[in-house]
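Values quoted throughout were computed directly from the atomic coordinates according to the rules given, and no laboratory measurement underlies them. The model shown is predicted, which means the values in this text are computed figures rather than measured ones. So basically every Cβ, Gly included, is an ideal-geometry build from the backbone, and we count neighbours across all protein chains shown.
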Amino acid sequence: MEDTLEMKEAPAPRRLANWIGGRWEEAPEGAALAPVADPATGEVLALVPLGGAAEVGRAVAAAQEAFRGWSRTPVPARARLLFRYQALLSERREELAELLAAENGKSREEALGEVQRGIECVEFAAGAPTLLMGSQLPDIASGLESGMYRYPLGVVCGITPFNFPMMVPCWMFPLAVACGNAFVLKPSERTPLLACRLAELFAEAGFPPGVLSIVHGAREAVDALLAHPGIAAVSFVGSQPAAAAVYRRGAAEGKRVQALAGAKNFSLVLADADLPAAARQVAAAAFGSAGQRCMACAVVCVERGAAPEFLRLLLEQADAMRPAEGGGPAGIATPMIRCESRDRALALLEQALRGGAELLRDGRLDPAPPGSGSFLGPTIVVKVQEEMAVWQEELFAPVLCVAEIGGLEEGIELANRSPFANGACLYTDSARAVRRFREEIDAGMLGINIGVPAPMAFFPFSGWKGSFYGDLHANGRDGVEFYTRKKMVTARY
Ligand code: NAD
């Protein structure tokens, strides 16, 4: 899945290395390399090596070696290192956000927000002594007792997407290592820079070498991780076809797998909603981070009577979003990750327009930031047919489909027909409508009068249907369950 790039050649960009066994390991001469470009300027920030079985083999060997000592390190000692890591990440939040904004194209505010969400995952993992407690029953029969104890799995790996280079890896490795596992991370080849910095700070916090390794790469590295018998579990976050393939292959190899996938999130706006607030929330959820969030709003269904006023307010919000060079106020329009991503979204949009859909706002006409070839302004599509690809597929772009509905029931039915079911939002003032929505909507993360209902680190990130493959979700107690196995001891003394 390597994109080509519309980019400016900078003189000799630095070559990234793999972090294996606590040291940087350069890719050999002649290794395949991919450019990492700043989406806002096209500047090549670095070249990332595309590793495979050899690199994965060395990383797993180093992780296995580290696991022997790490899994026996007292849990409070592991927690103390996580507290130190949390402090280091907090001290460096500006630097991390800057790196993240450069490789991903987010605004400074969005990047800072993401860094904070990552830090919160480390805070949750630092609760390891409580999280890892087992349970006992002293009398299962006369003189007979039973207890449950938690243990790590061994070496586990994480494969992460481009759109949250800090938050998504932080869903995984802090909790996995808190549970006593060693972790091999394969970050997105499109945004690998932040992962390198996370590994450096991890070492600075005092974690032993090999507890966290980074192997850069794309499909070949993923295949090598899935095939490696030393990997006990796989945490994956990415597009739906890749998630489904990783889930199947990982399970066939006897691994535990959680695979978080793509999305097509619906928002329902009822006539009794606070319409200006709803328009603000929907615009931010649809167009923020260039629509490249798994919790982005992709379809908004508005109750007929409120539609003209809501669309007027939505348009006002979208018009106020402007591109800016570098950081800017929240709600700024930012570039998409690569030109190919924008071109794919535009192809589906144009197909819809040929089929009779119309543009309420044409983001193609917005001026792009200088140097960015992947910019698309906020785009609003009306008169969309349900069978159109623009409605059915995840565009992962700042494109919002609008539909008018007769009421809540029709909106729920429309949303429930989507093959995806990550998030869904309802805007209303009616408690009865909220209850009905909560009971009847087929989605795992619901927002009531808020646009991006991403759960915090102590709750599971719980997509349903085609948005998730597995049973234990990322984060929260699910994450602890995923990264541990249990021993039951039944004893008579
Ligand atoms: P992607 O599927 O292209 O890549 C994700 C990771 O998988 C990368 O590390 C990549 O190298 C690897 N990969 C790519 N193709 C693969 C394949 N065929 N087999 C195995 N591995 C493969 O995803 P992306 O474009 O980087 O990220 C955006 C996608 O991630 C969107 O679909 C978004 O909805 C999804 N996402 C989901 C969540 C969630 O919580 N459900 C969170 C963030 C992102």
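Listed values, structure above:
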{"item": "Inter-part distance where the stretch 429-455 and the stretch 203-276 are each reduced to a Cα centre, Å", "result": "26 Å"}
{"item": "Rg over Rh, two decimals, the stretch 65-182 (C-alpha only, Kirkwood Rh)", "result": "1.12"}
{"item": "Inter-site label distance for Glu220 and Ile450 at 7 Å from Cα along Cβ, in nm", "result": "4.4 nm"}
{"item": "Under 12 Å, Cβ to Cβ, from Ser71 - net charge with Lys/Arg +1 and Asp/Glu -1", "result": "+4"}
{"item": "Computed lengthening from Glu410 to Glu253, 0.36 nm per intervening residue step minus Cα-Cα distance", "result": "52.3 nm"}
{"item": "Mean residue ellipticity (222 nm) of the chain, computed from DSSP H runs ≥ 4 via -39,500 (n - 2.57), nearest 500", "result": "-12000 deg cm²/dmol"}
{"item": "Loop sites in the stretch 259-339: chymotrypsin sites (Phe, Trp or Tyr not before Pro), DSSP, at most 15 other Cβ within 10 Å", "result": "none"}
{"item": "Cβ-isolated cysteines (cut-off 4.7 Å), the chain", "result": "Cys157, Cys179, Cys196, Cys294, Cys297, Cys301, Cys339, Cys401, Cys425"}
{"item": "For the stretch 266-411, convex hull volume per residue from C-alpha positions, Å³", "result": "100 Å³"}
{"item": "Projected label distance in nm at Ala203 and Asp362, using a 7 Å step from Cα toward the beta-carbon", "result": "5.3 nm"}
{"item": "Trypsin sites (Lys or Arg not before Pro) within the stretch 348-426, DSSP loop, no more than 14 other Cβ atoms inside 10 Å", "result": "Arg417"}
{"item": "Long-range amide H partners of Leu360 with built H, under 5 Å", "result": "Ile380, Val381, Val382"}
{"item": "Net +/- balance of residues flanking Leu472 in space, Cβ distance below 11 Å, scoring K and R +1, D and E -1", "result": "-1"}
{"item": "Contour minus Cα-Cα distance for Glu340 and Arg322 (0.36 nm per residue)", "result": "4.3 nm"}
{"item": "Sparsely packed GluC sites (Glu not before Pro) within the stretch 368-407, loop by DSSP, other Cβ within 10 Å at most 16", "result": "Glu386, Glu387"}
{"item": "Asp471 versus Glu386: modelled label distance in nm, points set 7 Å from Cα along the beta carbon direction", "result": "3.2 nm"}
{"item": "Set Lys106/Lys383; Lys106/Lys255; Lys186/Lys487; Lys255/Lys465 screened for pairs whose C-alpha atoms are more than 26 Å apart", "result": "Lys106/Lys383; Lys106/Lys255; Lys186/Lys487"}
{"item": "Where the Cα pairs of the chain fall when distances are cut into 20 Å bins, in %", "result": "24, 54, 21, 2"}
{"item": "14 Å beta-carbon shell around Lys486, net charge (K/R +1, D/E -1)", "result": "+4"}
{"item": "Taking the chain and dividing mean pair separation by its residue count, relative contact order in percent (alpha carbons under 8 Å, at least six apart)", "result": "18 percent"}
